[in-house]
Amino acid sequence: AQTVTQSQPEMSVQEAETVTLSCTYDTSESDYYLFWYKQPPSRQMILVIRQEAYKQQNATENRFSVNFQKAAKSFSLKISDSQLGDAAMYFCAYRSGTQGGSEKLVFGKGTKLTVNP
Amino acid sequence: KAGVTQTPRYLIKTRGQQVTLSCSPISGHRSVSWYQQTPGQGLQFLFEYFSETQRNKGNFPGRFSGRQFSNSRSEMNVSTLELGDSALYLCASSLQGFTRAFFGQGTRLTVV
């Protein structure tokens, strides 16, 4: 079974600074997808960024980028120019690419990000 | 385009009762997944439905069940509620082949 580990329960960053959230995963599959989701106090999960395992290039979405190290099974999220609105729980998630099209996500325990003004 | 809608948003039930939660996916999305979120266990996958068929199932007791209707709306049912069932229940819908799940705002269930 696949597992996702987020080793930082809490992180803090100063507004306008850069922060990196860590995620490692364990799988024997070669075809899969990785995600970072944000959950603000409203509790609605919002997709931040997505990475396909077959792509070597790291995904980027505006101020958000990932460092995908497939051999090391590492998938960290970098947030540049942090804003107060970035404060939330961040979850790393794994989706198999081989389970008959299943959309099942396996989540890490999350990292609570605080942004200080 | 309307997002994923979950009803009700909040629910208080007594131990031993049963409860039904509803999820209306984004129009055109045929895959609906359910997750339980608790402080202790985090986010855990309950089950997934696609075109009215259960496609995948998590490791939960048989008290947890679900179904999907022909319009892709889904319901999950929990029978004989226990205090440990208190959680935020999240529903997500997906458009097949696009590898992106859209989540609803969840139903907060409290069992007393």
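The values are calculated or read from the model by the stated rules, or taken from the named source; none is laboratory data. Source: prediction; values computed, not measured. Reconstructed Cβ throughout: ideal geometry from the backbone, glycine too, with neighbour counts over all protein chains shown. Each accessible area value is taken on the protein alone, full model and side chains, heavy atoms only, with ligands, DNA and RNA left out. Shrake-Rupley method; radii C 1.70, N 1.55, O 1.52, S 1.80 Å.
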Consider B:Val4 against the criteria (1) at negative phi; (2) more than 10 Å from chain A (Cβ to nearest Cβ); (3) not aromatic (Phe, Trp, Tyr): it satisfies all of them except one. Which criterion is unmet?
(2)
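Okay, residues lined up against (1) of a type in the set (Ser, Thr, Tyr); (2) surrounded by fewer than 17 Cβ atoms within 10 Å (Cβ to Cβ); (3) in a strand (DSSP E or B):
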residue	(1), (2), (3)
A:Ala1	no, yes, no
A:Thr20	yes, yes, yes
A:Gln44	no, no, no
A:Tyr54	yes, yes, no
A:Gln57	no, yes, no
A:Asn67	no, yes, yes
A:Lys78	no, yes, yes
From the residues in region A:86-117 that are free of Cβ contacts under 8 Å to residues at least 24 places away in the same chain and open to solvent by 40 Å² or more (accessible area, probe 1.4 Å), which one is nearest to the other protein chains (Cβ to nearest Cβ)?
A:Lys104
Among the numbered criteria (1) in a strand (DSSP E or B); (2) in contact with a Pro (Cβ under 7 Å, 6 or more places away or on another chain); (3) open to solvent by 10 Å² or more (accessible area, probe 1.4 Å), which one does B:Ser72 miss?
(1)
What is the one condition in (1) more than 14 Å from chain A (Cβ to nearest Cβ); (2) open to solvent by 70 Å² or more (accessible area, probe 1.4 Å); (3) touching a strand residue (DSSP E or B) at 6+ places or on another chain (Cβ under 6 Å); (4) under 29 Å from A:Val48 (Cα atoms) that B:Lys57 does not satisfy?
(1)
Residues being in a loop (DSSP other than H, G, I, E, B), in contact with a strand residue (DSSP E or B) (Cβ under 9 Å, 6 or more places away or on another chain) and either surrounded by 17 or more Cβ atoms within 10 Å (Cβ to Cβ) or not aliphatic (A, V, I, L, M) (or both): count how many of those fall in region B:96-112.
6
Looking at region B:1-21, which of its residues are assigned to a strand (DSSP E or B) and open to solvent by 20 Å² or more (accessible area, probe 1.4 Å)?
B:Thr5, B:Thr7, B:Tyr10, B:Leu11, B:Ile12, B:Lys13, B:Thr20
Give B:Arg100, B:Arg73 a once-over and let me know the one that is at the interface with chain A (Cβ under 8 Å from one of its Cβ atoms) and without any contact (Cβ under 8 Å) to a residue 60 or more places away in the chain.
B:Arg100
